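Trainee: Below is a structure I'd like to ask you about.
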Amino acid sequence: MEQKMTIEEHESRKGRAYKMMLVFGMISILMIFAGLTSAYVVSKSRPDWLSDFVLPSAFLFSTLAMIMSSATFYMALRSVRNNNRSMATVMLWVTLVLGALFVVLQFKGFGQVIANGYFFTGSESNVTTSFLYIVVLVHLLHLLGGFISLLVVIYNHYKQKYNSVQTLGIELSAMYWHFMDFIWVYLFLFFYFFK
């Protein structure tokens, strides 16, 4: 005798499938950054490597902004699960603002590198700073997906699509956002300590 699947079971299976697809996507992104950082390690033996290069302070502040945005996204998800719509709204907007601040500080960091006399491309560039430039830009491109998903979550939140039992969309977006935060913290620590 065949049992009919309930709506809750169907939604649960759908949620697991979406989360698994996201995990596979995140693993492929992780492999991209593993490859880039491996290439960075191999390139360290080049004679034109800058062993005295110091990361600009803007990258530290951008890291703090990214970590805080992960915390606010977590609080937004928790607020949705507790049916606290007003707090969720505030935390989602704060997450968006902190994410935007992260991007602004990344470009400020690029400006600080140039102000220190280092260039990313062209005849005056250096392999060390070129790697930094490529890795940060690749991260920002992947973070764009996080911004798009966050904007969709904010839109759906205003359409009242999330509540204590329906959180799949915000969960997926938060997973990706936290993952991009983890990637950036890893990259920052890598560039900071591996010289």
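Trainee: Step by step: first the residues of region 81-134, then only those that are surrounded by fewer than 16 Cβ atoms within 10 Å (Cβ to Cβ) and in contact with a strand residue (DSSP E or B) (Cβ under 7 Å, 6 or more places away or on another chain), then the one that is modelled with the lowest pLDDT. Which residue is that?
Mentor: S125
Trainee: Another one. So which of V23, V41 ends up being surrounded by fewer than 14 Cβ atoms within 10 Å (Cβ to Cβ), at pLDDT below 95 and over 18 Å from L168 (Cα atoms)? Show your work before the answer.
Mentor: Working: V23 fails: over 18 Å from L168 (Cα atoms).
One residue alone meets the criteria, V41.
Trainee: Further, regarding this structure: Does region 55-78 contain at least one residue that is free of Cβ contacts under 8 Å to residues at least 12 places away in the same chain and closer than 17 Å to S173 by Cα?
Mentor: So far as region 55-78 goes, yes, one or more of its residues are free of Cβ contacts under 8 Å to residues at least 12 places away in the same chain and closer than 17 Å to S173 by Cα.
Trainee: Being touching a Leu at 6+ places or on another chain (Cβ under 7 Å) and not in a loop (DSSP other than H, G, I, E, B) narrows it down to one of L172, L140, so name that one.
Mentor: L172
Trainee: Mind counting the residues in region 36-54 that are of a type in the set (A, V, I, L, M, F, W, C), touching a residue at least 40 places away in the same chain (Cβ under 8 Å) and not in a loop (DSSP other than H, G, I, E, B)?
Mentor: Total satisfying the criteria: 3.
Trainee: When residues of region 79-99 are filtered for being free of Cβ contacts under 8 Å to residues at least 24 places away in the same chain and within 30 Å of N116 (Cα to Cα), how many remain?
Mentor: Counting residues in region 79-99 that are free of Cβ contacts under 8 Å to residues at least 24 places away in the same chain and within 30 Å of N116 (Cα to Cα) gives 1.
Trainee: Can you pull out the residues in region 150-168 that are closer than 29 Å to M31 by Cβ and surrounded by fewer than 18 Cβ atoms within 10 Å (Cβ to Cβ)?
Mentor: If the condition is that a residue be closer than 29 Å to M31 by Cβ and surrounded by fewer than 18 Cβ atoms within 10 Å (Cβ to Cβ), then L151, V152, T167, L168 are the ones that fit.
Trainee: Here are the criteria: (1) touching a residue at least 12 places away in the same chain (Cβ under 8 Å); (2) β-branched (V, I, T); (3) out of contact with any Pro (no Cβ under 8 Å at 6 or more places or on another chain). Tell me which single one V113 does not satisfy.
Mentor: Among (1) touching a residue at least 12 places away in the same chain (Cβ under 8 Å); (2) β-branched (V, I, T); (3) out of contact with any Pro (no Cβ under 8 Å at 6 or more places or on another chain), the lone unmet condition for V113 is (3).
Trainee: Counting only residues that are among the β-branched types (V, I, T) and outside any helix (DSSP H, G or I), which one in region 143-169 is farthest from the chain's Cα centre (by Cα)?
Mentor: Residues of region 143-169 that are among the β-branched types (V, I, T), as a first pass: 148, 152-154, 165, 167.
Imposing the further condition that a residue be outside any helix (DSSP H, G or I) reduces the set to 165, 167.
On the way: V165: 26, T167: 20 Å.
Of everything passing the filter in region 143-169, V165 is farthest from the chain's Cα centre (by Cα).
Trainee: Continuing with the same structure: Looking at A58, A17, which one is in a helix (DSSP H, G or I) and over 17 Å from W184 (Cα atoms)?
Mentor: Within the list A58, A17, the selection yields A17.
Trainee: Now, a different point. If I filter region 171-182 for residues that are touching a Pro at 6+ places or on another chain (Cβ under 7 Å) and not β-branched (V, I, T), do I get at least one hit?
Mentor: no
Trainee: When you scan region 1-20, how many residues do you find that are at pLDDT below 90 and in contact with a helix residue (DSSP H, G or I) (Cβ under 7 Å, 6 or more places away or on another chain)?
Mentor: Qualifying residue count for the region: 1.
The values are calculated or read from the model by the stated rules, or taken from the named source; none is laboratory data. As the structure is a prediction and not an experimental result, all values here were calculated from the model. Cβ: placed from backbone, ideal geometry, glycine included. Neighbour counts: every protein chain shown.
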